[in-house]
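Novice: After the structure tokens below, expect a handful of questions from me.
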Amino acid sequence: AKKNPNEPEFLQAVKEVAETVIPFIEQNKKYQNQMLLERMVEPERVIIFRVTWIDDAGKTQVNRGYRIQMNSAIGPYKGGIRFHPSVNLSILKFLAFEQTFKNSLTTLPMGGGKGGSDFDPKGKSDIEIMRFCQSFMTELAKHIGADTDVPAGDIGVGGREVGYMFGQYKRLRNEFTGVLTGKGISFGGSLIRPEATGYGNVYFAQSMLNTKGDSFKGKIVTVSGSGNVAQYAAEKATELGGIVVTLSDSSGFIYDADGIDAEKLAHVMHIKNEQRARISEYVKKYPNAKFVEGKRPWEVKCAIALPCATQNELNEEEAKTLIANGCICVSEGANMPSTSEAVEAFLKAKILFAPGKASNAGGVATSGLEMSQNSLRLSWTAEEVDERLKAIMANIHESCVKYGSDANGYVDYVKGANVAGFVKVADAMLGQGVV
Ligand code: NDP
């Protein structure tokens with residue numbers, strides 16, 4: 001904490017990992033006296049740079065760009081790029097730290113990284129987005145590469161932005177390589193990548209429910225967010241028989257008691273991805289639904305909750321409301337959406353709770369599959385990628401059960417994910433000496 005003042009999110013993420021990994025280190029001689037966790041919390045490299053661009057009014061704008069190269073013990077740095085006005089060093093370090101453990105859990109050879117900018121894409125024209133992405137990549141290109149660091153999308157960065165950044169990288173380097181993932185299908189993208197995080201989260205929740213002989217069928221599901229992860233989590237939950245009744249954005253949430261079925265979800269995708277408008281537009285077409293301004297959906301009674309918007313969007317009080325309302329399963333699609341106190345409440349109530357680094361790893365896993373396809377100069381079918389994604393999520397679930405089960409059979413997925421993620425990275429670091 002002394003070394004990293006003003007970094008509350010980073011300290012929160014480290015504390016959560018330390019609480020479960022330190023007791024494990026204390027029981028395992030091999031990992032002692034090597035300063036492994038101390039090394040893991042120190043980024044291998046942090047790059048901060050100026051991004052200048054010209055807006056449509058001809059005015060010069062200045063933003064700050066970042067890339068955190070956290071850990072390369074098991075593969076090239078890998079992690080998304082976030083464009084959001086809240087982006088700062090603390091948030092990106094927390095995300096890069098989590099990413100290292102998450103990538104390890106996928107079993108694919110990817111190290112941890114994260115990047116972004118405090119640029120706000122809301123209300124910007126398409127050409128402004130392109131100018132910004134090109135300027136951002138002009139500096140970032142010096143620090144990344146298919147075998148060095150492979151960024152992807154995150155909040156505010158979808159297929160459009162990845163495409164603009166890829167185009168600029170190719171122009172600068174005169175190289176067509178798999179330097180970014182989440183690319184368009186016509187230039188090296190993988191089928192199922194857009195769906196992967198949301199689908200993967202639901203596959204993980206399904207594995208958790210299976211341990212209780214339960215499933216999504218007929219269950220009320222609340223989802224927060226309405227971006228990439230939320231949309232596909234809602235789609236898969238519905239496909240498996242769940243009734244998704246909420247979605248949200250930073251202005252509030254919509255509640256549709258009849259369920260947001262495939263047709264309604266297609267309209268949500270139109271609102272968010274094409275019109276780039278607010279989720280409140282939903283009630284104009286479906287007046288039976290209501291829009292609750294300025295609130296999050298956790299007050300709605302549900303059996304399964306899928307937080308898919310952003311960090312710290314579910315606090316202790318909201319966790320207690322969910323539990324009191326009979327929620328049996330919380331599976332995080334976003335990164336660290338539950339506060340530490342909320343996580344504690346879920347574990348204390350012994351409900352099924354999956355931390356994002358396990359349950360949302362399907363996105364980066366499929367990015368890893370995109371990297372493999374790019375290296376092979378091949379593309380796999382949607383079915384093939386989806387099968388691999390399912391197998392990876394089942395495998396992550398198994399690792400969590402292996403390291404997180406207590407004597408009574410309760411699975412602490414937080415502990416399971418942290419310890420399983422730690423072991424692989426720690427073994428690789430030990431094997432490579434003091435670097
Ligand atoms: P998008 O930009 O597509 O969507 C983000 C959603 O979250 C939007 O509905 C947005 O609302 C809402 N949101 C963002 N910031 C805030 C905030 N400060 N307060 C309230 N709502 C907010 O991003 P993704 O769906 O890609 O990412 C969502 C989460 O999932 C993030 O935590 C991300 O790190 C995580 N994740 C994403 C992966 C991916 O593959 N995309 C992989 C693994 C994790 P609004 O439109 O109003 O801003």
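The values are calculated or read from the model by the stated rules, or taken from the named source; none is laboratory data. The structure presented is a predicted model; accordingly, all values stated were derived computationally and were not measured. Quick reminder, even Gly has a Cβ in these numbers, built from the backbone with ideal geometry, and neighbours come from all protein chains shown.
Novice: Conditions first: (1) surrounded by 16 or more Cβ atoms within 10 Å (Cβ to Cβ); (2) hydroxyl-bearing (Ser, Thr, Tyr); (3) within 14 Å of the ligand (Cβ to nearest atom). SER251 passes all but one, so which condition is the exception?
Specialist: (1)
Novice: Next question, about the same structure. Before we move on, is TYR403 among the aromatic types (Phe, Trp, Tyr), modelled with pLDDT of 95 or more and either surrounded by fewer than 18 Cβ atoms within 10 Å (Cβ to Cβ) or farther than 27 Å from ALA342 by Cα (or both)? Lay out the reasoning, then the answer.
Specialist: Details: among the aromatic types (Phe, Trp, Tyr): yes; modelled with pLDDT of 95 or more: yes; either surrounded by fewer than 18 Cβ atoms within 10 Å (Cβ to Cβ) or farther than 27 Å from ALA342 by Cα (or both): no.
In short, no.
Novice: Could you check the stretch 303-392 for helices (runs of 4 or more DSSP H) lying wholly inside it with 3 or more residues that are more than 13 Å from the ligand (Cβ to nearest atom)?
Specialist: Working: elements: 316-324, 340-348, 356-359, 362-376.
In the stretch 303-392, 316-324, 340-348, 362-376 are the helices (runs of 4 or more DSSP H) which contain 3 or more residues that are more than 13 Å from the ligand (Cβ to nearest atom).
Novice: Further question: On the given criteria, is GLU293 in contact with a helix residue (DSSP H, G or I) (Cβ under 6 Å, 6 or more places away or on another chain), surrounded by fewer than 19 Cβ atoms within 10 Å (Cβ to Cβ) and among the acidic types (Asp, Glu)? Walk me through how you get there before you give the answer.
Specialist: On the way: in contact with a helix residue (DSSP H, G or I) (Cβ under 6 Å, 6 or more places away or on another chain): no; surrounded by fewer than 19 Cβ atoms within 10 Å (Cβ to Cβ): yes; among the acidic types (Asp, Glu): yes.
Against the criterion (in contact with a helix residue (DSSP H, G or I) (Cβ under 6 Å, 6 or more places away or on another chain), surrounded by fewer than 19 Cβ atoms within 10 Å (Cβ to Cβ) and among the acidic types (Asp, Glu)), GLU293 does not qualify.
Novice: Okay, next question. Within the stretch 46-65, how many residues turn out to be among the β-branched types (Val, Ile, Thr) and more than 24 Å from the chain's Cα centre (by Cα)? Let's see the steps before the verdict.
Specialist: Residues of the stretch 46-65 that are among the β-branched types (Val, Ile, Thr), as a first pass: 46-48, 51-52, 54, 60, 62.
Filter once more, so that each one left must be more than 24 Å from the chain's Cα centre (by Cα): 51-52, 54, 60, 62.
Selection size over the stretch 46-65: 5.
Novice: Something else now. Return a yes/no flag: does the stretch 142-153 have any residue that is closer than 20 Å to PRO85 by Cβ and polar (S, T, N, Q). Lay out the reasoning, then the answer.
Specialist: Within the stretch 142-153, the first condition is being closer than 20 Å to PRO85 by Cβ, and the residues that meet it are 151, 153.
This time we only want the ones that are polar (S, T, N, Q), so: none.
Looking for residues that are closer than 20 Å to PRO85 by Cβ and polar (S, T, N, Q), one finds none in the stretch 142-153, hence no.
Novice: So, of the residues in the stretch 359-379 that are among the hydrophobic types (A, V, I, L, M, F, W, C) and without any contact (Cβ under 8 Å) to a residue 40 or more places away in the chain, which turns out to be farthest from GLY111 (Cα to Cα)? Quick ask: steps written out before the conclusion?
Specialist: From the stretch 359-379, those among the hydrophobic types (A, V, I, L, M, F, W, C) are 361, 364-365, 369, 371, 376, 378; that's our starting set.
Filter again for without any contact (Cβ under 8 Å) to a residue 40 or more places away in the chain, leaving 376, 378.
Details: LEU376: 20, LEU378: 23 Å.
By that ranking, first place goes to LEU378.
Novice: Here is a further query. Kindly indicate the residue of the stretch 87-110 that is within 11 Å of the ligand (Cβ to nearest atom) and without any contact (Cβ under 8 Å) to a residue 40 or more places away in the chain and also surrounded by the most Cβ atoms within 10 Å (Cβ to Cβ) among those meeting that condition.
Specialist: That would be LEU92.
Novice: Hey, ILE54 hits all of (1) out of contact with any Gly (no Cβ under 9 Å at 6 or more places or on another chain); (2) of a type in the set (A, V, I, L, M); (3) surrounded by 24 or more Cβ atoms within 10 Å (Cβ to Cβ) but one; which does it fall short on?
Specialist: With respect to (1) out of contact with any Gly (no Cβ under 9 Å at 6 or more places or on another chain); (2) of a type in the set (A, V, I, L, M); (3) surrounded by 24 or more Cβ atoms within 10 Å (Cβ to Cβ), ILE54 is out only on (3).
Novice: Within the stretch 20-43, can one find any residue that is in contact (Cβ under 8 Å) with a residue 60 or more places away in the chain and touching a Ser or Thr at 6+ places or on another chain (Cβ under 6 Å)?
Specialist: Taking every residue of the stretch 20-43 in turn, none turns out to be in contact (Cβ under 8 Å) with a residue 60 or more places away in the chain and touching a Ser or Thr at 6+ places or on another chain (Cβ under 6 Å).
Novice: Here is a follow-up. Kindly list, by first and then second residue, each pair from a residue in the stretch 270-293 that is more than 10 Å from the ligand (Cβ to nearest atom) to a residue that is hydroxyl-bearing (Ser, Thr, Tyr) and part of a strand (DSSP E or B), limited to pairs with Cβ atoms under 6 Å and residues at least 6 apart or on different chains.
Specialist: LYS290/TYR255
Novice: Do the conditions hold for LYS142, that is, is it at pLDDT 95 or above and more than 15 Å from the chain's Cα centre (by Cα)? Write out each step before concluding.
Specialist: Numbers: at pLDDT 95 or above: yes; more than 15 Å from the chain's Cα centre (by Cα): yes.
Taking the combined requirement at face value, the residue satisfies it.
Novice: Do any strands (runs of 3 or more DSSP E) lying entirely in the stretch 34-137 carry at least 3 residues that are of a type in the set (S, T, N, Q) and in contact with a Phe, Trp or Tyr (Cβ under 9 Å, 6 or more places away or on another chain), and which ones are they?
Specialist: 60-71
Novice: Can you list residue pairs whose Cβ atoms sit under 8 Å apart, with the first residue in the stretch 136-155 being among the polar types (S, T, N, Q) and the second being outside any loop (DSSP other than H, G, I, E, B) and within 16 Å of the ligand (Cβ to nearest atom)? Count only pairs 6 or more apart in sequence or on different chains.
Specialist: If the second residue must be outside any loop (DSSP other than H, G, I, E, B) and within 16 Å of the ligand (Cβ to nearest atom), the pairs left are THR148/TYR77.
Novice: Here's another thing I want to ask about it. Looking only at helices (runs of 4 or more DSSP H) that fall completely inside the stretch 157-270, which ones have 2 or more residues that are within 18 Å of the chain's Cα centre (by Cα) and of a type in the set (A, V, I, L, M)? Full working, then the answer.
Specialist: Details: elements: 159-173, 193-210, 228-239, 262-269.
Of the helices (runs of 4 or more DSSP H) lying wholly inside the stretch 157-270, those with at least 2 residues that are within 18 Å of the chain's Cα centre (by Cα) and of a type in the set (A, V, I, L, M) span 193-210, 228-239.
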